[in-house]
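Coordinate-derived values only; no laboratory data. Here the structure is a predicted model, which means the values were calculated and not measured. Ideal geometry is used to build each Cβ from the backbone, glycine not excepted, and the neighbour counts take in all protein chains shown.
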Amino acid sequence: MTAVGIDAIEIRTGKLKLDLPNTFAPEKGDDPAKYTKGLGLNNSSFPDVYEDIVTMGANAAKTLMDRKGLVPEDIGRIDVATESAFDHSKPVSTYIAGCLEQVYDGDFTHANKGERKFACVAGTQAIDDAYNWIRAGRNRGRAALVIATDTALYARGDPGEATQGAGAVAMLIDEDPSIVELSTHQGYGSKDETDFLKPNQQFPSVDGKRSMQVYLARMREALEDYQSVAGKVELDDFAYAPFHTPFPGMVRKAALLAYRHVIRDTSYEDDLAGEIGRQPREAEYDDREAFEEAIREYMDELKGTDQYQAWYADVVEPTLGLAREVGNWYTGSVHVARTSALRDLLERDGDGVGETLLVGSYGSGAQAEIHAETVCEGWQAEIEALDIDAQLAARYDLSWEEYEDVHDVHEYDKELDREIEEFTAPEAEFVFTGWGRMNE
Ligand code: CAA
């Protein structure tokens, strides 16, 4: 069976940044460590006044197409994953294709375009759609362009405000990929949940604490489902575990849960038994509450073991590098985590080919998906080509007042009582020039 997977990636960050410990925390009267240590975030990316989900997506896609020497004829499908769409009918992919057609010979008339929505898991779902389209032999030799793009904004004063972010990840899905091959095994955990909603509103209504519990519950189900098809996961199977990262502190919790689940009834658990005992079994307790308390105590102890700490440092921490600097990108977030992992792999011994990743995606509402990926020949050149460090370094550092202006600009329905100038100068890129028109 021919390998199908991710052949190229491009990341486009919003061109502004909000410094959480130095600008956000003092304004909120909080200890900066709540953000840097608790949530695990240093900065958030924001779009300049001339950026939005379309321009960030189109700019990421153009960089990818130029680097790979592609023209519209080479692409048979454009899917955009977003939870920031401003149009309830016309998919964002048509806006992005319209931008790209302004700068390439040829057009995307032949390409199937769509928009995928299921909160943050939609980017992974769009990759799945592309994978299935290629596997079904309907691609006629063409590749699929998947673009995950979001302005992840919360209402000012919402607890989620600290976790905002904005950016796009463009990915080319193709046969014989140069970055990772996708496995055929997948696991799901999916349930109707109402912890994070946007019914006809731009900013989410969110029950933050509940949303964290839902994330963990769906991830656990997805892991169980994945193991039911792929077999029991062993700790040594995976070099990295990139997970959806609304903020790194969330992944810290998910990683501990996954670790506990994976080591249950294995020699790893036996090794730890002398130190912290075996995991509590529900049957050993009279009531659920006592069992849950025992689990919490076990997890606290597990977290402190050298064995867990070493696994976390090796397999999870490297996936969080970019997220700490950009915040939550919703649909792009897990793909940013994968990219962080592969950037770390560049620093490790060996050529990295054949290493595997356990990728955990999650969308509120709610659904988690877990699958494996295998690193392919050619991945180094693709990852080395990314210019994300330069983009991050070039971001304009917002003052608090400027942040409020930017937030107001990107609130679709807000009537502005003042003119807000751009903070950076556009450089040969797609910019927002008013509804329905995009120019390079
Ligand atoms: N030093 C070190 N750590 C500190 C600290 C200090 N001075 N002060 C606080 N902390 C720690 C807290 O102990 C906490 O860590 P633990 O959870 O490990 O205990 C962490 O910092 C955050 O502090 P709070 O819980 O007090 O923060 P909060 O209540 O203000 O906000 C939140 C947290 C509710 C998650 C909020 O950020 C939020 O609503 N976020 C949006 C929803 C979200 O991202 N949910 C995640 C799951 S849903 C999802 O993943 C989909 C998606 O993309 C949105």
Peptide ranges 317-328, 368-379 listed from the most packed, as the mean C-beta count within 10 angstrom indicates
317-328, 368-379
Need one word for the range 302-348: rounded, prolate or oblate. Basis is the Cα gyration tensor (sqrt eigenvalues a ≥ b ≥ c); a/c below 1.5 gives rounded, then a/b vs b/c decides.
oblate
Multiply the residue separation of E101 and A290 by 0.36 nm, subtract the distance between their alpha-carbon atoms, and state the gained length in nm to one decimal.
61.9 nm
For the range 359-375, just list the computed ³J(HN,Hα) in residue order, Karplus coefficients 6.51, -1.76 and 1.60, θ = phi - 60°, integers in Hz, with x standing in for Gly and Pro.
9, x, 9, 8, x, 4, x, 8, 8, 10, 9, 10, 8, 9, 9, 10, 5
May I ask what percent, to the nearest 5, of DSSP beta bridges between residues of the range 4-439 are antiparallel?
75 percent
Within the set K34/K209; K90/K191; K117/K232, which residue pairs have Cα atoms separated by over 25 Å?
K90/K191; K117/K232
Compute the FRET efficiency between E384 and T2 as 1/(1 + (r/R0)^6), taking r as their Cβ-Cβ distance and R0 = 22 Å, and round to the nearest 0.05.
0.30
Each label point is 7 Å from the Cα along the Cα-to-Cβ direction; what then is the distance between the points at L392 and D158, in nm?
2.5 nm
In nm, give the distance between the simple-model label positions of T424 and D314, each being 7 Å from the Cα along the Cα-to-Cβ direction.
3.7 nm
The simple spin-label model distance between E282 and N112, using points 7 Å out along Cα→Cβ, in nm, is 4.0 nm
Cα centroid separation - the range 279-313 against the range 213-257, whole Å
16 Å
For F46, F423, what's the fewest-to-most ordering of other Cβ within 10 Å of each Cβ?
F423, F46
At a 10 angstrom cut-off on C-beta neighbours, averaged per residue, how do the peptides 234-242, 347-355, 281-289 rank from highest to lowest?
234-242, 347-355, 281-289
Just rank D306, D128, fewest to most, by other beta-carbon atoms within 10 angstrom.
D306, D128
Using only the alpha carbon atoms of the range 4-439, find the Kirkwood hydrodynamic radius as the inverse mean reciprocal pair distance, in angstroms to one decimal.
22.2 Å
Selection from A368, N22, I388, by position along the positive dipole direction of the range 4-439 (Cβ)
A368
For a test of the definition: using alpha carbon positions, the gyration tensor, and the 1.5 limit on a/c, classify the range 350-440 as rounded, prolate or oblate.
prolate
Which of Q309, Y330, P246 sits closest to the plus end of the dipole of the range 4-439, meaning its Cα is farthest towards the positive end, when Lys and Arg get +1 and Asp and Glu get -1 on the C-beta?
Y330
